Amino acid sequence: MGDRIILHSDLNAFYASVECMLNPELKGKPVAVCGDEAERHGIVLAKSEEAKKCGIKTGHTNREALKLCKDLIIVHPRHGVYSQYSKLVRAIYARYTDRIEPFGIDEAWLDITCCAKTIEEGRLVAEQIRNEIKTELGLTVSIGVSFCKIFAKLGSDLKKPDAVTCISRDNFKEKIWPLAASEMIYVGRSTAKKLERYGIHTIGQLAQTPPVFLKDHFGVNGITLYNFANGNGGLQVSADGYEPESKSIGHGTTARFDLSTNEEVKILISELSQEVSKRLKSEKLAARGIQITIKDNDLANHDFRKTLNMQTQSHRTIAEESFELFKERYNWAKKIRAVTVRVINLVAEDCPEQLDLMTDTSEAEKNKKLEDCIESIRSKYGNASINYASVKTSPLFTPRQPAVLPGGKKIE
């Protein structure tokens, strides 16, 4: 049986590229998509090639970025827009294969063995995909072509932007082995430092280290890294639509100003709970527990959790239970900078449960009908179309302007 032909496709400077495509006046200029300092999310999330040439890096604060480039144009993120473009790109991938495995919003692996039997045929398919994305969506992409997922990912990183790089069994030692071990996926910062302590600095050195040594010092993970460095092993590309089973679902945010009252926390929890509930329903899950994380203005985290009497998908239930938990457990020694609401102990939405005779389910049924109606409106007209009055009027939130996608569809 021959090798699989695997692509790793990485959209170049995705957020910034979408903004430049939607606003042609930004093209050719140093642009950075940054969180809003007023909302205390002031870091660089993506940057254009022109901004990159100025030394701006993802993770820089807005002020650091502006020091490096006084002409930098800062754009605030619109995650709903980026999500829609990600789906449009995915639709182009689907023309070639149903084995598409997302790796974040802007990257994906594709197994194209169904339409390409050699690395050269894979290169031709990659070029077609690259050209279609550029022509139809105005975005550029870098694609790695290889016989395994690990080398395909390294290939897409080797040449940017707007390029295709092939890594074959004949050339991988020449192209891949000289790279730093930290460049290989699944080699995190701590693992890279530990490898360096043993004199293992490159992928080639990792590939030539005795497996027994790696197992003794890194456990089973050491054998995995050895295989990856040699182009062996690696997980198969999952079929389109596959999602790993969720162990928990959460949503958090940093407040625009430090919170100092229960009412402010309640409003924030209410908004966060709607997003958590939406994800629960989309993944056909229900929660049997909740957890809230409070970050105070000294950046210390406080985690609280509880088990629910009845499994739920309801944002109202999640919000009410989370707020009650907050009131019971947080002592207000410090003002609050950020809040995260998380549901835990997840089960299938149709999982049977044992209720006691004192549990009244009628109120839950009425809430479900109301929430389904609200979800339908928000899905059709956007999240800002309907919300609780306390959220609509709160200074904690600022309205977003919609963008127009190909075809004229508006999205927040």
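The values are calculated or read from the model by the stated rules, or taken from the named source; none is laboratory data. A quick note: this is a predicted structure, and the numbers were derived from the prediction, not measured. Backbone-built Cβ (ideal geometry, glycine too); neighbour counts: all protein chains shown. Side chains are part of the model used for accessible areas, which takes the heavy atoms of the whole protein and leaves out ligands, DNA and RNA. Shrake-Rupley method; radii C 1.70, N 1.55, O 1.52, S 1.80 Å.
Figures for the structure shown
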| read-out | value |
| --- | --- |
| Tally, over the stretch 105-123, of residues that are out of contact with any strand residue (DSSP E or B) (no Cβ under 9 Å at 6 or more places or on another chain) and not hydroxyl-bearing (Ser, Thr, Tyr) | 4 |
| Failed item in (1) farther than 30 Å from residue 80 by Cβ; (2) at pLDDT below 85; (3) crowded, with 17+ Cβ neighbours inside 10 Å, with residue 394 passing the rest | (1) |
| Matching helices (runs of 4 or more DSSP H) fully within the stretch 136-206 where at least 2 residues are within 15 Å of residue 228 (Cα to Cα), open to solvent by less than 40 Å² (accessible area, probe 1.4 Å) and in contact with a Lys or Arg (Cβ under 9 Å, 6 or more places away or on another chain) | 149-158 |
| Boolean, residue 359 is among the β-branched types (Val, Ile, Thr), more than 25 Å from the chain's Cα centre (by Cα), more than 22 Å from residue 263 (Cβ to Cβ) and modelled with pLDDT of 90 or more | no |
| Filter pass, residue 34 being farther than 18 Å from residue 138 by Cα and free of Cβ contacts under 8 Å to residues at least 40 places away in the same chain | no |
